[in-house]
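Report on the structure given below.
The values are calculated or read from the model by the stated rules, or taken from the named source; none is laboratory data. Note that the coordinates shown come from a computational prediction; the quantities given were computed from them, not determined experimentally. With ideal geometry, Cβ positions are generated from the backbone for all residues, glycine too; neighbour counts draw on all protein chains shown. Heavy atoms of the whole protein, side chains included, go into the accessibility calculation; ligands, DNA and RNA do not. Shrake-Rupley method; radii C 1.70, N 1.55, O 1.52, S 1.80 Å.
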Amino acid sequence: MSLDLREVGRYLGYGRAPLPPEVEGLARDCVRELEGMAAPRRLGRRLSLSLFQGQSRDLDRHLRHCKEGILYAVTLGAEADRLLRRWGAVNMAKAAVGQACCAAWLDELCADYCAQMQAELPEGVYLTPPFSPGYGDWSLEEQGRVLTLLDAPRRLGLTLTAGGMLAPEKSVTALVGLSHRKEESCGQHCLGCRKTDCPFRAG
C-alpha cells in the first residue's frame, strides 16, 4: 500500500496542510499495521440500470445518459475493524488517525478498481464517477438490495448490521454508469459535488 498521507490529512481535517510530525508518525504506524493484517477484497457486477430507476432523483440524474452500469463492493475485511477496536481501547488519537487511514485506503482501492474496469471497456465507453447508497437522496436502506445483487454476503462476507451499517465497517459499495460521453467519465468526483464548503473536499 502506497498511501498518500495528504489524503489521510484531508480526512483528519488538515486540508492541504502537512501533517504535524506526531500525527504523521501515527499514520505511518497505522499503515504498517494495516498492511500486515488487513485483507482487502472486491467484486463487481455489470447490470441494467433499470434495476435502480426511480429510486433516487439524484441517482437518475447522475446516470441519465447510461443504460448499463457496474455495481461493486470493496472491503478492507474484518481484520481492519479489529485493529481499529484495538487502537481505540489503548490510544484514541491513534484510532482517529487509523480511521482516516482506512478511509483513504478505501478511496485508493476503489479508484484502482475503477481504473482496472475502465481499461477493460471498449474504446469510447467511459465510467461515470461512483454513486453510493446514502449519496444525495439515494436511501441507505437500499444497501441491503445492493448486497443481494452482488451476492456479497456469500462472496465477500459483507453484510448489514441490525442498524443498517456495513459489516465489516471499512467497506464501500457503489454504482458507476457506462457512458459514451467522455465528459462524464470518472475523475475527481469532488469537482462535481455542489457542497463546495465540505472540509473533506479534494482539489
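Every listed requirement among (1) closer than 30 Å to Ser179 by Cβ; (2) of a type in the set (Gly, Ala, Ser); (3) in contact with a Leu (Cβ under 7 Å, 6 or more places away or on another chain) is met by Ser48 save one, (3). The number of residues in the range 5-25 that are in contact with a Lys or Arg (Cβ under 9 Å, 6 or more places away or on another chain) and surrounded by 12 or more Cβ atoms within 10 Å (Cβ to Cβ) comes to 7.
Please find, among Asp29, Asp60, the residue that is of a type in the set (Asp, Glu) and either farther than 30 Å from Leu121 by Cα or in contact (Cβ under 8 Å) with a residue 12 or more places away in the chain (or both).
Details: Asp60 fails: either farther than 30 Å from Leu121 by Cα or in contact (Cβ under 8 Å) with a residue 12 or more places away in the chain (or both).
Just a single option satisfies the conditions, and that option is Asp29.
Taking the conditions exactly as written (more than 28 Å from Leu175 (Cα to Cα), open to solvent by 70 Å² or more (accessible area, probe 1.4 Å) and outside any helix (DSSP H, G or I)), does Arg28 satisfy them or not?
On the way: more than 28 Å from Leu175 (Cα to Cα): yes; open to solvent by 70 Å² or more (accessible area, probe 1.4 Å): yes; outside any helix (DSSP H, G or I): no.
When the stated conditions are applied, Arg28 does not pass them.
Can you tell me which residue is farthest from the chain's Cα centre (by Cα) among those in the range 35-57 that are assigned to a helix (DSSP H, G or I) and at pLDDT 95 or above?
Here is the first cut: in the range 35-57, the ones assigned to a helix (DSSP H, G or I) are 35-37, 49-51, 57.
Going one step further and asking which of them are at pLDDT 95 or above, we end up with 49-51, 57.
Values: Leu49: 20, Ser50: 23, Leu51: 21, Arg57: 21 Å.
Here the answer is Ser50.
Among residues of the range 158-175 being closer than 13 Å to Val146 by Cα and not hydroxyl-bearing (Ser, Thr, Tyr), the one that is modelled with the lowest pLDDT is Gly164. Taken over the range 154-166, the residue count meeting the criterion of being under 16 Å from Asp81 (Cβ atoms), touching a strand residue (DSSP E or B) at 6+ places or on another chain (Cβ under 6 Å) and either among the aromatic types (Phe, Trp, Tyr) or surrounded by fewer than 17 Cβ atoms within 10 Å (Cβ to Cβ) (or both) is 2. Taking the listed residues Ala93, Ala104, the one that is farther than 22 Å from Arg155 by Cα, open to solvent by 10 Å² or more (accessible area, probe 1.4 Å) and at pLDDT 95 or above is Ala93, with no other qualifying. All of Val172, Val146 fail the test of being assigned to a strand (DSSP E or B), surrounded by 13 or more Cβ atoms within 10 Å (Cβ to Cβ) and touching a residue at least 40 places away in the same chain (Cβ under 8 Å), apart from Val172.
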